[in-house]
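Everything below concerns the one structure shown next.
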Amino acid sequence: MTVAIGINGLGRIGRSVTRIVASASNPGVQIAAVNDIASTDKLAYGLRRDSVRGAFPGTVTASGDYLVVNDHTIRTFHHERPERIPWADEGVDVVIEATGRFRAGAAARSHITHGGARKVVISASADDPDAFLVVGANDQSYNPAMHDVVSPASCGVNALTVMAKVLLDRFGLRSVNTSVMLAAQGWQRVQDSLVGNSREDPRLGRSTGESIIPHNYVVGDLVRVALPEIGEMRYSYYCVPTPIGSLAELSGQTGRPVTADEVNRAMAEAAAGPLRGILAYDPDPTVSIDVKNNPASCLFDPSGTQTTADGGVTVRGWFDNEWGFSSRLLDLARLVGERLPVPSSRVTWSVA
């Protein structure tokens with residue numbers, strides 16, 4: 001089955017999703033339509049040229065109200081509000097909400113109630129979705145009858161969760177502390193700016209390239225939503241001046257004393273087995289740029305593993321905060337699209 005998807009917002013995540021689909025031999029999804037306030041010509045240019053990813057591996061042109069990507073036509077809309085986008089006209093089953101503006105479950109749901117889509121995947125730690133689904137951890141809890149608007153949390157939560165999942169399943173895990181160093185974000189500024197920020201903290205408007213900036217608004221404890229057995233946890237996030245490639249570290253107490261070799265072996269086995277494609281393992285000494293274009297949620301770094309005699313453990317993993325997360329968005333789009341209930345909204349949708 002091929003799932004027809006729409007993308008609202010062709011920014012960093014939306015373009016990554018498009019590139020991944022275009023480069024896959026059998027992606028299981030087809031992009032039927034996109035919505036962005038930029039013109040179709042500008043959307044085509046943004047796909048062809050990317051300062052981080054490089055030139056598009058194929059062809060992208062604009063033709064009227066369509067993008068033509070490797071000879072595949074994609075309808076383009078240019079509406080500011082999600083309730084105005086006629087997804088049903090293009091047969092869209094699943095919308096990836098990637099603007100960063102419509103993170104609330106109620107706002108994202110208008111893609112269904114007004115646009116005629118059948119499911120929505122929000123590309124962020126959403127506010128009040130029907131479910132948070134972290135692929136490789138709790139995605140099997142998806143209920144198509146109850147979960148219309150879902151969120152995979154965030155790129156950092158995904159990286160932390162897959163490492164926590166292995167530790168929890170193999171050794172037990174509690175008293176968790178996490179820290180994420182997040183590569184530069186699209187909303188950050190080259191020069192200091194004290195207006196136009198989405199949060200009250202003035203530090204988030206400081207120059208991207210000059211400082212490590214604490215980001216206290218990331219919902220880091222969503223790890224325990226996917227893995228409630230770990231209980232309460234503490235977390236911290238920092239935006240760092242690197243263009244791509246982020247770092248996640250997790251510490252906690254295992255159920256029994258373990259060695260670093262045991263932990264690394266467990267991670268390697270999970271990466272080669274049940275978490276293949278979600279968790280990756282690289283024995284080479286790694287820095288942030290090495291994870292560029294890696295589709296895994298987490299590239300585990302065995303050199304960062306530490307243990308103590310009383311059961312303490314620390315692990316480290318890298319992640320491409322755009323490419324890996326976009327890959328998980330597509331995983332969820334396939335999951336919810338392939339298990340769609342018989343639709344009734346197909347004939348009752350209406351544009352506001």
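The values are calculated or read from the model by the stated rules, or taken from the named source; none is laboratory data. Keep in mind it's a predicted model, so treat the numbers as computed, not measured. So basically every Cβ, Gly included, is an ideal-geometry build from the backbone, and we count neighbours across all protein chains shown. Accessible surface areas use protein heavy atoms only, side chains included; no ligands, DNA or RNA. Shrake-Rupley method; radii C 1.70, N 1.55, O 1.52, S 1.80 Å.
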field: Checking Arg101 against (1) surrounded by 21 or more Cβ atoms within 10 Å (Cβ to Cβ); (2) under 28 Å from Ser297 (Cα atoms), the condition it does not meet
entry: (1)
task: Search segment 317-330 for residues being at pLDDT 95 or above and touching a Leu at 6+ places or on another chain (Cβ under 7 Å), and hand back the single one that is farthest from Asn26 (Cα to Cα).
output: Gly317
task: Mind listing whichever residues of segment 21-43 are out of contact with any Pro (no Cβ under 7 Å at 6 or more places or on another chain) and either closer than 14 Å to Pro295 by Cα or open to solvent by 20 Å² or more (accessible area, probe 1.4 Å) (or both)?
output: Ala22, Ala24, Ser25, Asn26, Pro27, Gln30, Asp36, Ile37, Ala38, Ser39, Asp41, Lys42
field: For Ala183: the one exception among (1) modelled with pLDDT of 95 or more; (2) closer than 30 Å to Gly312 by Cα; (3) out of contact with any Leu (no Cβ under 7 Å at 6 or more places or on another chain)
entry: (1)
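Taking the conditions exactly as written (open to solvent by 10 Å² or more (accessible area, probe 1.4 Å) and under 30 Å from Arg256 (Cβ atoms)), does Ser154 satisfy them or not?
no
Conditions (1) closer than 30 Å to Pro283 by Cβ; (2) of a type in the set (A, V, I, L, M, F, W, C), marked per residue:
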| site | (1), (2) |
| --- | --- |
| Arg174 | yes, no |
| Asp221 | no, no |
| Leu227 | yes, yes |
| Tyr237 | yes, no |
| Asp261 | yes, no |
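Within the group Arg334, Arg234, which residue is basic (Lys, Arg), open to solvent by 30 Å² or more (accessible area, probe 1.4 Å), part of a strand (DSSP E or B) and in contact (Cβ under 8 Å) with a residue 24 or more places away in the chain?
None of the other options fit; the residue is Arg234.
Mind listing just one residue for me: the one in segment 279-308 that is part of a helix (DSSP H, G or I) and open to solvent by 70 Å² or more (accessible area, probe 1.4 Å) and, of those, nearest to Val263 (Cα to Cα)?
Taking segment 279-308 as the starting set, the residues that turn out to be part of a helix (DSSP H, G or I) are 288-291, 302-304.
If we keep only those that are open to solvent by 70 Å² or more (accessible area, probe 1.4 Å) too, we end up with 289-290, 303.
Details: Ile289: 25, Asp290: 22, Ser303: 11 Å.
Once the filter is applied, the top-ranked residue is Ser303.
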field: Within segment 209-221, considering residues that are in contact with a strand residue (DSSP E or B) (Cβ under 6 Å, 6 or more places away or on another chain), assigned to a loop (DSSP other than H, G, I, E, B) and at pLDDT 85 or above, the one least open to solvent (accessible area, probe 1.4 Å)
entry: His215
message: Step by step: first the residues of segment 125-147, then only those that are touching a helix residue (DSSP H, G or I) at 6+ places or on another chain (Cβ under 9 Å) and hydrophobic (A, V, I, L, M, F, W, C), then the one that is farthest from Gly9 (Cα to Cα). Which residue is that?
response: Ala137
message: Among the residues of segment 52-63, are any crowded, with 20+ Cβ neighbours inside 10 Å, among the aliphatic types (A, V, I, L, M) and farther than 21 Å from Thr2 by Cα?
response: yes
- request: For Gln188, state whether it is at pLDDT 95 or above and either under 24 Å from Pro152 (Cα atoms) or in contact with a strand residue (DSSP E or B) (Cβ under 8 Å, 6 or more places away or on another chain) (or both).
  value: no
In segment 331-348, the residues that are modelled with pLDDT of 95 or more and basic (Lys, Arg): Arg334
field: Positions within segment 239-260 being at pLDDT below 95 and open to solvent by 30 Å² or more (accessible area, probe 1.4 Å), in sequence order
entry: Pro241, Thr242, Pro243
message: Could you check segment 1-11 and list, in sequence order, the residues that are under 18 Å from Leu332 (Cβ atoms) and either under 15 Å from the mean Cα position of the chain (by Cα) or open to solvent by 10 Å² or more (accessible area, probe 1.4 Å) (or both)?
response: Met1, Thr2, Ala4, Ile7, Asn8, Gly9
Unmet requirement for Arg276, which otherwise passes all of (1) within 24 Å of Leu133 (Cα to Cα); (2) open to solvent by 70 Å² or more (accessible area, probe 1.4 Å); (3) more than 21 Å from the chain's Cα centre (by Cα): (3)
